[in-house]
1. Under a point spin-label approximation (7 Å from Cα along Cα-to-Cβ), what is the PHE200-LEU73 distance to one decimal in nm?
2. Taking the Cβ of each residue in TYR168, TYR233, TYR201, TYR83 as the centre, tally the other Cβ atoms inside 10 Å and list the residues starting with the fewest.
3. Within a 10 angstrom radius of the beta carbon, how do LEU230, LEU37 rank from fewest other beta carbons to most?
4. Neighbour counts of other C-beta atoms within 10 Å: give me THR137, THR268 arranged from fewest to most.
5. Given R₀ = 22 Å, FRET efficiency for THR5-LEU260 by Cβ-Cβ distance, to 0.05?
6. Between VAL43 and VAL138, what is the label-point separation in nm under the 7 Å Cα-to-beta-carbon projection?
7. How far apart, in nm, are two points set 7 Å out from the Cα along the Cα-to-Cβ line at GLN30 and at THR275?
8. Defining a contact as two alpha carbons under 8 Å apart and six or more residues distant in sequence, what relative contact order in percent does region 1-98 show?
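Since every read-out is calculated from the coordinates, none of them should be taken as a lab result. From a predicted model like this one, the values you see are computed outputs, not experimental measurements. Cβ atoms come from the backbone with ideal geometry, glycine included; neighbour counts cover every protein chain shown.
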Amino acid sequence: MTVPTRVTLAAGGFAALAASAFLVIRVGAQETTPITLAGIRFVAASAGFAVLALLSRRLIRTDFRKRDIPLFLLTGAAGSVMYNLLLFKGQQTASAGTASLIQATIPIWASVMAVSIGKERLSAAAWLGVVIAFLGTVIMTVDPGALETFDLGAAFVVAAAMSNAVYYVGVKPLVIRYGALSAVAGTLWAGTFLFIPFMFYMEPISRWTPAAICSGLFLALCATLAGASLFAYVIGKVGVARASTVVYLVAPLVVSLEWLLFGDAPGTELLLGGTLTLTGLFLVRPRYKRDQKWLTQDYQEGLSTMPSKCVEPCPETSPT
């Protein structure tokens, strides 16, 4: 299958935005509290998706079914609130490169969770990948000078990855029913609603630095809004399995950019742990044909339970 130039550019743009996000978080986490940075991101991103929904119902659907609201709240709590707070807290001390490599394990832990609840099966090679990725994560989070000591920042990032893995598992039926972009928007709106109590603990606006504001706005409008749109476009053109391979580009980009921009050369444990993590991710990756079969079957099941006015496939999730 020949991938069109526009799809390649979209995938590259997504990888660049995703990589930049870790570097921007590194800056923003030093300028303000994790709660404040997350609050700026949630409010701006939610507003951006709301504008898209008003401009085009085809891009962002809002006819969510009542029975899906609990699932939106669960994915919003795990993939928005907890993920962002834990990641921002972790990156106050953990490097962007370490954070990006640990976050690359999210699909692995999501696969394990899906297996544990009987939703998926893993091959022997995939289980080997899980073990290898776990060893890579341990190498990146354990202090090499004292095996019983963990890097606290990296530990928060690991917790963020686990939280986002819950989101990966929970969002699957929402993507099937509403499309990738609409599922992301609904989850973000739910997460913003759940984040309201935390807003009382944000720093006063008078104490927000320009760097903190710019970081939050970049994460909201570029990393979240533009990134999700680009990735949804790529999924619609080449399918979930092939689109997911762009994940391999993110961590190496982050490590390289952090080295160039901040002068932080990757250490031995980061290179070794990162190599093992990406190797494990490669082994656990979904196979293209199997993934396309899953998408087609589950999407049709989703269509059969939708109202008649919603029977047209969403462009970002249509089987190719």
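1. Reported label-point gap for PHE200 and LEU73 is 1.9 nm.
2. Least to most surrounded, the residues fall as TYR201, TYR168, TYR233, TYR83.
3. Details: LEU230 22, LEU37 30.
If I rank by nearby Cβ atoms, fewest first, I get LEU230, LEU37.
4. The most exposed by this proxy come first: THR268, THR137.
5. Efficiency at R0 = 22 Å is approximately 0.25.
6. Distance between the two pseudo-spin positions: 4.4 nm.
7. 2.9
8. Working: 35 pairs, mean separation 46.6, N = 98.
Contact order relative to length: 48 percent.
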